[in-house]
Amino acid sequence: MTSPATITARLALFGGVAREVVEDELATRLRTSGVEELALRRTPVVAAGLRSTALGEVVRTVDELLDIDLGGIAVAGWRRYERLRDAALRTRAGGVERVELSAHEVTRTCCPRLEVVVGENPVGEFSLELDVAVLVQPLVAIVRNGMLLALGPGDCTVTVSLGAPEVGPIMKRERVFKVANVVDLRRPIPLLRNHPGPAPTSPSGGMPRPVSHH
């Protein structure tokens, strides 16, 4: 079976456009918002080539930050959702429960401090703030053996905003997805800590960690 495409923060911001289009728009946004100057603050006089290289480094780092799985954000929130957690506790030794979920929002914020290095020379640094909010409309969840088994039809509105404390907002967009497309339920998802799920059939990638780009 072909694995479904992961729905990421990048997709919510830019849709399914080519990576080159994403990088071009990011470069424009970073330049016009003033982030480019922050990335070069240690170098008073900057040659055009160095400026282009530094901006390219920042664009690639920001693009990597956007590779966040929205389904992972939703599941992490659901593991703290009282009604789902209680259903998981009641069924972990066996059983099935139908849980009606009201409209709710799950969020994640990343605030990395980035140092820009060209060659071996640090040329600037700045902080970024990436906020992702997943607003889930009312739907039904099926919990079996302590794991999320299925979700009823429903939509979620994903809002992604990118900014820098020193310059303010850089960009913000929202997009509506089917919850079934965001959360991969081909295998049941454990809802309880230390509750093992089904053994994966292939290695799965971890969540990206924002780091300084060197």
The range 20-97: radius of gyration over Cα atoms, expressed as a fraction of 2.2 N^0.38 Å: 1.92
So for each of 13-22, 111-120, 144-153 I average, over its residues, the number of other beta carbons within 10 Å; can you give me the resulting order with the highest mean first? 144-153, 111-120, 13-22
Relative contact order as a percentage, the range 27-139, C-alpha pairs under 8 Å and 6+ apart, gives 31
I need the peptides 85-98, 122-135 ranked by packing, meaning the mean over residues of other C-beta atoms within 10 angstrom, with the highest value on top. 122-135, 85-98
In whole percent, how big is the carbon plus sulfur part of the accessible area of the chain, probe 1.4 Å, protein atoms only? 50
Angle between the Cα long axis of helix 48-65 and the longest principal axis of the chain, 0 to 90 degrees, nearest 10? 10
With a cut-off of 8 Å between alpha carbons and a minimum separation of six or more residues, what is the relative contact order of the chain in percent? 24
Could you compute how much accessible surface Lys172 exposes when probed at 1.4 Å, giving the result in Å² to the nearest 10? 140
Using 0.36 nm per residue, how much length does the chain from Thr28 to Arg83 gain when fully extended, once their Cα-Cα distance is taken away? 15.4 nm
As I understand it, the value is the acute angle between the Cα axis of helix 82-91 and the longest principal axis of the Cα atoms of the chain; what does it come to in degrees, rounded to 10? 50
Per residue of the chain, what 222 nm ellipticity follows from adding -39500 (n - 2.57) for every DSSP H run with n ≥ 4, rounded to the nearest 500? -9000 deg cm²/dmol
Sorting Thr61, Thr157 on solvent-accessible surface, 1.4 Å probe, most exposed first, gives Thr157, Thr61
Space enclosed by the convex hull of the alpha-carbon atoms of the range 1-157, per residue, Å³: 157
When the dipole is taken about the Cα centre of the chain, and only Lys, Arg (+1) and Asp, Glu (-1) are charged at their Cβ, what size is it in debye, to the nearest 20? 900
With the other protein chains left in place, how much accessible area per residue, in square angstrom, belongs to the chain at a 1.4 angstrom probe? 53
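The values are calculated or read from the model by the stated rules, or taken from the named source; none is laboratory data. On a predicted model such as this, the values are computed, not experimentally measured, just so you know. Cβ coordinates were reconstructed from backbone atoms using ideal geometry, including for glycine residues, and neighbour counts include every protein chain displayed. Note: accessible area is taken over every heavy atom of the protein model, side chains too, but ligands, DNA and RNA are not part of it. Shrake-Rupley method; radii C 1.70, N 1.55, O 1.52, S 1.80 Å.
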